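None of the figures in this text is laboratory data; all of them are computed from the coordinates on show. Values in this document were obtained by computation on a predicted structure and should not be read as measured data. Note: ideal-geometry Cβ built from the backbone for every residue, glycine included; neighbour counts use all protein chains shown.
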Amino acid sequence: MMVCWLGLVMFMMLSVILYFLSVYFLWKNLEIMMEWEILSLNSLSIEMAVMLDWVSLMFTSFVFFISSMIIIYSSEYMADDKFISRFIYIVILFVLSMMVVILSSNLVFVLLGWDGLGLVSYLLVIYYQNVKSSNAGMLTALSNRVGDASILLSIMLMMDLGSWNYLMVGGIKESFLGMLIVMAAMTKSAQIPFSAWLPAAMAAPTPVSSLVHSSTLVTAGVYLLFRFSDLLVEISSGFLYISLATMFMAGLGANYEFDLKKIIALSTLSQLGMMMVIFYLGDKNLAFFHLLMHALFKALLFMCAGVIIHSIGGFQDIRFMGGLVQSFPVCCVCFSVSSLSLCGLPFLSGFYSKDLIAEFLSSTMEGCVIYFVFFLSVGLTVSYSVRLIFHVFVGRSSSLSLIYSNESGLNLMLSSMVLMSVLVISGGSVLMWLGFCTPYFMVLPQIMKLMVFLVICVGVFLGYEIYYFKASSMSDSLNFYNSSMFVSGMWNMPFLSTSSLNSLFLSAGKLYMENMDFGWIEYYGSKGLFSFISGWVSCLQMMMRNHLKFYLLLLWGLFLVLILLFIV
């Protein structure tokens, strides 16, 4: 418990200090670059570089604040765990790895933090030691290794510059480096075809899910794109459609899902797709703004889900919930605030970023397909949020037990949630006034201005209809079983990422290991060479151990040779 309070105090103080420091840097338009040379090899210098500007300081402040809330939340959520101190230490290590990614401007040190995120996330996903957690952790680790390999290739490309600082990327082949950076960001932010690991990572404890999906692991990819934004001008058009498809797939799948945590995970996937769409359209500041707002309300959403799961006996299926508003009034208010902020309801924090994103996309008009799919995905976001609220809080009770737990005895968890909800309500407006020196002024036709409001209304109606259809006519829903399984299964993405690929690569690996590694390479390699020289080595060892005898024998032989020569 002492570790939790120390982590809370330390992270909260750092968050407040860094927030006001970021506001000062923004006001003065300051940027500070610090470098320490670690090793120098000819013209290549290995340096530890730290980049301090208002972006890195603001993001660091948000990460520290959310981490402090989750640490004090975990002290009560994981109170029955024997190894809670070890859990808190792993969470702190996770946050520090994210700090390395945020503050470092050297790609080698970014890789250290990047690998740290992957390793510690694996430890957290397998924290509940069972088969499901093990499979989910392996899928998460192996998916992220693709991004690690991309960063390694990027480091190789940047060696010609004599430095790995991403501020010096102008003198190399920018298109290929940009492709590698985008590939790394896609794996970390779970874009298609790497989307399967994000819902699978829900095997981790709920406080870990809250931290991962709000401000650490999945946001590292978007932040890396933000830092390398100058490289992505030429190649962004093709990846725009991938992010748009990810956004649509996650929003559609969440309307068919019944697992509470997986619905919120698919919501994270949809919002990451939205950030990347607006990033590829050319407004990185707006994508970063939505990244910060999303961190607030998504952390609160997972914390509310954790209270419900913790209190009703570990159930995560929303079909076994319903009517919880009387037993969980504070949790219901916080859950509704975060869900409505996710939908973009005025004037919560999500409204300030999502409304600007929708109007910016309307003003660019890249094409009718992009416009239609984007607004359809926004409507699906509202739909699954309303469906979730009806299933969990407002609808009729479907519990297996007539006795509900309540919120009594959860003071620390509720206190952290209430503090987070205050920022979810007011954080968007404050950051909007501070972050944008020049206000966004979108001139659009009236129908396009009202499109967001119309989509929200249609989404509310659709979410209620899906809830009513699923709740009242389960037999009719079986007629759509195949399509429901396809959509809720993320377009067969988990199957394509695991079963279909594992058999091929594992069979090829077994064949290579038996015939090459244990076969020809072993025979002509180290083992064969050892067998060849072992006989000579034994002779040399015998001579060294009996050197006096060999010396006398050689003298006797030499004497005989001389006698024979003399006689001849």
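Brief remarks on what is shown
- Cross-link pairs exceeding 20 Å in C-alpha to C-alpha distance, out of Lys354/Lys449; Lys132/Lys510; Lys284/Lys449; Lys132/Lys262, comprise Lys132/Lys510; Lys284/Lys449.
- Put a dot 7 Å past the Cα of Phe347, heading toward its Cβ, do the same for Leu504, and the two dots end up 5.5 nm apart.
- Ranked packing of 222-230, 289-297, most packed first, by mean Cβ within 10 Å: 289-297, 222-230
- Cα centroid of the stretch 94-109 to Cα centroid of the stretch 319-390, whole Å: 31
- Size of electric dipole in the stretch 199-300: Cβ of Lys, Arg +1 and of Asp, Glu -1, about Cα centre, debye, nearest 20: 220
- Here is the list for the stretch 68-157: trypsin sites (Lys or Arg not before Pro) lying in DSSP coil, each with at most 16 other C-beta atoms within 10 angstrom of its C-beta, are Lys82.
- Distance in nm between pseudo-label sites at Lys82 and Arg396 (7 Å out along the Cβ direction from Cα): 4.5
- Net charge in the neighbourhood of Gln129 (other residues with Cβ under 14 Å of its Cβ; Lys, Arg +1, Asp, Glu -1) is +2.
- Between amide H atoms placed 1.01 Å from N, distances below 5 Å from Ile46 occur with Ile38, Leu39, Ser40, Leu41, all of them 5 or more places distant or on a separate chain.
- The GluC sites (Glu not before Pro) of the stretch 1-93 that DSSP puts in a loop, and whose beta carbon has at most 13 other beta carbons within 10 Å, are Glu31.
- Linear extension gain, Met513 paired with Lys449, 0.36 nm per residue minus alpha-carbon span: 16.9 nm
- Charge dipole (the stretch 44-147, unit charges on Cβ, about Cα centre) - positive-most of Phe65, Val131, Ile90: Val131
- Full extension of the chain segment joining Cys368 with Trp433 gains 20.2 nm, where the gain is 0.36 nm per residue of separation less the Cα-Cα distance.
- Sites listed here are chymotrypsin sites (Phe, Trp or Tyr not before Pro) in the stretch 1-97 whose DSSP assignment is loop and whose Cβ has at most 13 other Cβ atoms within 10 Å: Phe83.
- Modelled spin-label separation between Arg319 and Tyr241, with each label point placed 7 Å from Cα along the Cα-to-Cβ direction: 3.7 nm.
- Taking 0.36 nm per residue of separation and subtracting the Cα-Cα distance, full extension of the segment from Met156 to Phe486 would add 114.8 nm.
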